[in-house]
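**Q** Structure in structure tokens, see below.
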Amino acid sequence: MNSDPTRTRAAFPSPARPARHARMSFNTFGRLFRVTTWGESHGPAIGCVIDGCPPRIALSEGDIQPFLDARRPGTSRFVTQRKEPDRVTILSGVFEGLTTGTPISLMIENTDQRSRDYSDIKDRYRPGHADYTYDAKYGHRDYRGGGRSSARETAMRVAAGAVARKIVAQAEQGRVTIRGAVVSIGDRDIDRDRWDWGSTTANPFWCPDPVAAKDWETYLDGIRKSGDSVGAIVEVQADGVPAGWGAPVYAKLDAEIAAGLMSINAAKGVEIGDGFTAGRARGTDNADEMRIDDDGRIDFLANHSGGIQGGISNGNTVTARLAIKPTSSMLTPTRSVTARGQEVEVVTKGRHDPCVGLRAVPVAEAMLACALADAFLMHRAQVGG
């Protein structure tokens, strides 16, 4: 038996985690529509590779850019002031304006990194961030803006989501509409009786309630000036999804959507339909009763299930909500430790969102689109059509 004390634990793979598993880094989402993202917050570029996109779908950079513009930083005083144009370039998979069926590679150059903002905390673990867990897992991390754990990575999800929307649109002749809104910030909720989708683009909060949006402006200004942050709840909906998408057991549509949403940075909870409220309801109140409408089609009288029953879409509006935690990067000092075990206080310099949930709407829409595109391709592969 080798008793050399200079040998590290990393040299001896645990029997429960064979060395061959070290190649599995899990940077890919999807089964048939597969998205692999790459890059770091302060690296030269970020990008993604999309595999499984069907051929002969019209696609250009102009189809992707509007969604990136909706997500990009620096658009109001309520989000990080990092100035990134987020101009996407298609590197492969498209020829003469049509997808070829081969992998689509997309890239965005990083142009406004300020790595010096993070030099003071390169050895300090920021509470709530992935600093400690990345160190614990890899033993080496990129401290500049969080590296791979940064929300910067989500720009490529949005780009991939634009491609996914193209697939879903082709599948249902453009009848599927995917959109999202912020329904609460901190302890401030919207009034659902005032829901107006048009308002989401008329204010910097993606808020569907114009009255609540005015209150949020004052509220979030106070949070920002105090050096603090707040969480948010984002709701995404997909109208026009036909009945039949999804699978009954291990690829349930709601499970795939939840997995995609939970993979978003700062996500801490997902619910489908009524979600946790259903746990307090009676069966008579929670039933999505049905009737036949004048055209002979099934009409749901409610949508407590969020458009998914038994893991399969029922034709009703697919609805999910995502809880985003408060931004962990704050000007307010927080207690932490260093990599050497020293107790310290951490103040995060740089440009940060007082409510990161505001920029989560395009990302949540994108992950819903990716899950739906994947579900459609799996449905077509099994039953045809």
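**Q** Could you check how many percent of all C-alpha pairs in segment 282-325 are farther apart than 12 Å?
**A** Result: 67 percent of Cα pairs exceed 12 Å.
**Q** Please work out the average accessible area per residue across the chain, using the 1.4 Å probe convention, and give it in Å².
**A** 51
**Q** In whole Å, largest first, what are the principal axis extents of the Cα atoms in segment 241-378?
**A** 68, 36, 26
**Q** Put 252, 214 in order of accessible area, largest first, 1.4 Å probe: what do you get?
**A** The ranking, largest first, comes out as 214, 252.
**Q** Still on this structure, please answer the following. Scanning the chain for helices, which whole DSSP H stretches are 27 Å or more long along the axis (Cα) and average -0.5 or more by Kyte-Doolittle?
**A** Sorted by number, the helices that extend far enough and score high enough are 360-383.
**Q** Right, something else. Taking segment 311-360 as the region of interest, what is the percent of Cα-Cα pairs per 5 angstrom bin, listed from the shortest bin to the one with the maximum distance?
**A** 4, 15, 15, 14, 12, 11, 8, 5, 6, 6, 3, 0
**Q** Any idea what the alpha-carbon Rg over 2.2 N^0.38 Å comes to for segment 170-268?
**A** Compared with the compact-globule rule of thumb, segment 170-268 sits at 1.31.
**Q** Calculate how large, on average over all directions, the projected area of the Cα convex hull of segment 172-215 is; give the answer in nm² to one decimal.
**A** One quarter of the hull surface, i.e. the mean projection, equals 3.6 nm².
**Q** So what is the calculated 222 nm ellipticity per residue for the chain, using -39500 (n - 2.57) for each DSSP H run with n of 4 or more, over all residues, to the nearest 500 deg cm²/dmol?
**A** That calculation yields -7500 deg cm²/dmol at 222 nm.
**Q** Whats the longest run of the chain with zero chymotrypsin sites (Phe, Trp or Tyr not before Pro) that are DSSP loop and have at most 12 other Cβ atoms within 10 Å?
**A** That gives 27-249 as the longest site-free run.
**Q** Which number comes out as Rg/Rh for segment 188-241 once both Rg and the Kirkwood Rh are worked out on C-alpha atoms?
**A** Dividing the radius of gyration by the Kirkwood radius yields 1.03.
**Q** Something else about it: Could you please report the charge total around residue 365, scoring K, R as +1 and D, E as -1 over all other residues with beta-carbon less than 12 angstrom from its beta-carbon?
**A** Net charge around residue 365: +4.
**Q** Report in % the part of the accessible area of the chain that belongs to carbon and sulfur, leaving out ligands and nucleic acids; probe 1.4 Å.
**A** 51
**Q** Place +1 on the Cβ of every Lys and Arg and -1 on the Cβ of every Asp and Glu in the chain, take the dipole about the Cα centre, and give the residue among 281, 261, 318 whose Cα lies farthest towards its positive end.
**A** So the residue we want is 261.
**Q** Looking at segment 335-385, which trypsin sites (Lys or Arg not before Pro) are in a loop (DSSP not H, G, I, E or B) and have at most 16 other Cβ atoms within 10 Å?
**A** When the trypsin sites (Lys or Arg not before Pro) of segment 335-385 are filtered for loop state and at most 16 Cβ neighbours within 10 Å, 340, 349, 351 remain.
**Q** Now for a different question. Over the residues of the chain, compute the C-alpha Rg and express it relative to 2.2 N^0.38 Å.
**A** Computed over Cα atoms of the chain, the ratio equals 1.06.
**Q** Please work out the ratio of the alpha-carbon Rg of segment 199-321 to 2.2 N^0.38 Å and round it to two decimals.
**A** Against the empirical 2.2 N^0.38 Å value, I get 1.29 for segment 199-321.
The values are calculated or read from the model by the stated rules, or taken from the named source; none is laboratory data. Quick caveat: nothing in here was measured; it's all calculated off a predicted structure. Neighbour counts run over all protein chains shown; Cβ positions are idealised from the backbone, glycine included. All accessible areas refer to the heavy atoms of the entire protein, side chains included, with ligands and DNA or RNA removed. Shrake-Rupley method; radii C 1.70, N 1.55, O 1.52, S 1.80 Å.
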